[in-house]
Amino acid sequence: MNEILTIAGLILLVLAVLFSVKKIYDFIDMQKVIQRDTYENYDIYRAAQKFAFGTPVDEIREILTNSYELDDKQIEETMLLALPHRTDTDGGYLAFIKAVNRVLGQEIYS
């Protein structure tokens, strides 16, 4: 009888450890998702790079249309703010990023 209780206790202990490890991994994965979803959209950086290299505005609008952060009105406002700076030494990259931040109302991209 004692052997059965000992084995049952060991099984419960192993299950408790496995459950704790699973919860820790779930927490780590959730933190990765939260960080990735709340901060930066890399389509914005890709659009800024293409803007700096002189890519036509229609292609940049297409990239931004696929972005989940900007709607059509915000895209047009971003382009209006950034286009005058296309002749800057960096091709307007920094001005484009600043325009996106201004349209979104917060400093997300740097």
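At a glance:
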read-out: Highest-MSF residue in the chain out of Asp29, Asp90, Asp43 [GNM, Cα springs under 10 Å]; value: Asp29
read-out: Solvent-accessible area of Thr6 with every protein chain in place, 1.4 Å probe, in Å² to the nearest 10; value: 80 Å²
read-out: Taking the chain and dividing mean pair separation by its residue count, relative contact order in percent (alpha carbons under 8 Å, at least six apart); value: 22 percent
read-out: Whole-Å semi-axes of the range 44-95's equivalent ellipsoid (Cα gyration tensor); value: 17, 11, 9
read-out: Debye log10 I(q)/I(0) at q = 0.14, 0.16, 0.17 Å⁻¹ for the range 1-103, Cα point scatterers; value: -0.62, -0.73, -0.78
read-out: Only Lys, Arg (+1) and Asp, Glu (-1) charged, at Cβ; the chain dipole about Cα centre in debye; value: 280 debye
read-out: Accessible area expressed per residue, the chain, with surrounding protein chains retained (probe 1.4 Å, Å²); value: 73 Å²
read-out: Carbon + sulfur, % of accessible area of the chain - ligands and nucleic acids excluded, 1.4 Å; value: 61 percent
read-out: Efficiency of FRET from Cβ geometry, Phe27 and Leu5, R₀ 35 Å, rounded to 0.05; value: 0.60
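The values are calculated or read from the model by the stated rules, or taken from the named source; none is laboratory data. All values reported here derive from a predicted model rather than from experimental measurement. No Cβ is skipped: glycine too gets one built from the backbone with ideal geometry, and neighbour counts run over all protein chains shown. We work out accessible area using only protein heavy atoms, side chains counted, and drop any ligands, DNA or RNA first. Shrake-Rupley method; radii C 1.70, N 1.55, O 1.52, S 1.80 Å.
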